[in-house]
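The values are calculated or read from the model by the stated rules, or taken from the named source; none is laboratory data. Since we're looking at a predicted model, the values are computed, not measured. Here the Cβ is made from the backbone with ideal geometry for all residues, glycine too, and neighbour counts use every protein chain on show. Each accessible area value is taken on the protein alone, full model and side chains, heavy atoms only, with ligands, DNA and RNA left out. Shrake-Rupley method; radii C 1.70, N 1.55, O 1.52, S 1.80 Å.
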Amino acid sequence: MNASAPKDILRLYLQNARDALLWKLDGLSEYDIRRPLTPTGTNLLGLVKHVASVELGYLGDTFGRPSGEALPWVAEGAEDNADMWATAEESREQIVGLYRRAWAHADATLDALELDTVGRVPWWPAGRDDVTLLHAVVRVTGDTHRHAGHADILRELIDGAVGMNQGNTSVPPGDATYWEGHRDRLERAALEAEEGRAG
């Protein structure tokens, strides 16, 4: 990698987000990767399915480079939010495999085209649907990091695992007692702030 080459920098940050998101599935049961943990149904495998679809759209179809992957959950007439969860018939291996193929396809687009290449986003309004490859890569990277952040929270709720990967937790060291005390301290501060506002 050339640390000063724009495409290499873009690919590094996108790949970091991809890897972080997939790591959140490691070691979890089928139930845990699929179960909805927010009122809107956010779940780990659904996040992976969504970002795979986003990459194939923005870094494939948008630049006249269709992947050939069947994505019925984003086709016209598909159920709302169908890209945000996996059916019982859609296996972990299928969704992760799709995501890895999406990476390869997106990376091939990045290799093949200049960053100022203009594409057309089919689902944006006509007349406002032009986008450069640079814009599309930054958009996909931002979206993937956002969803990796969602996955951070979901995984912590499931089993307490935190961080970007097993070797980089990105949090200070502490055992369960430390973190329980830390959380209690934050709760007290929140209550004191609320009481101070009410008083």
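Accessible area per residue for the chain, computed on protein heavy atoms with a 1.4 Å probe, is 58 Å².
Each stretch of four or more DSSP H residues adds -39500 (n - 2.57); spread over every residue of the chain, this sum gives -18500 deg cm²/dmol at 222 nm. Comparing T38, T62, T132 in a Gaussian network model of the chain (Cα springs below 10 Å), the most mobile by mean-square fluctuation is T38. Among Y178, Y99, the sequence by solvent-accessible area, most first, with a 1.4 Å probe is Y178, Y99. Ranking I158, I95, I9 by solvent-accessible area of protein heavy atoms (1.4 Å probe, all protein chains present), from largest to smallest, gives I9, I158, I95. Once the chain is represented by equal point scatterers at the alpha-carbon sites, with solvent omitted, what log10 I(q)/I(0) does the Debye formula produce at q = 0.07, 0.12 Å⁻¹? The Cα Debye sum returns log10 ratios of -0.27, -0.70.
One equal scatterer on each Cα of the range 127-194, no solvent, Debye formula: the resulting log10 I(q)/I(0) at q = 0.17, 0.23, 0.29 Å⁻¹ is -0.81, -1.07, -1.20. With Cα atoms defining each centre, the range 74-125 and the range 165-199 are spaced 37 Å apart in the structure. Heavy-atom accessible surface of L10, to the nearest 10 Å², is about 30 Å², with a 1.4 Å probe and all protein chains retained. Here, the range 40-134 is characterised by an Rg to Rh ratio of 0.99, where Rg is the alpha-carbon radius of gyration and Rh the Kirkwood radius. Ordering of 83-89, 138-144 by packing is 138-144, 83-89, highest average first (other Cβ atoms within 10 Å, averaged per residue).
For the range 94-199, GluC sites (Glu not before Pro) are listed when DSSP marks them as loop and at most 15 other Cβ atoms sit within 10 Å of their Cβ; the list is E114. Two numbers describe the Cα atoms of the range 1-94: Rg and Dmax, which are 15.2, 44 Å.
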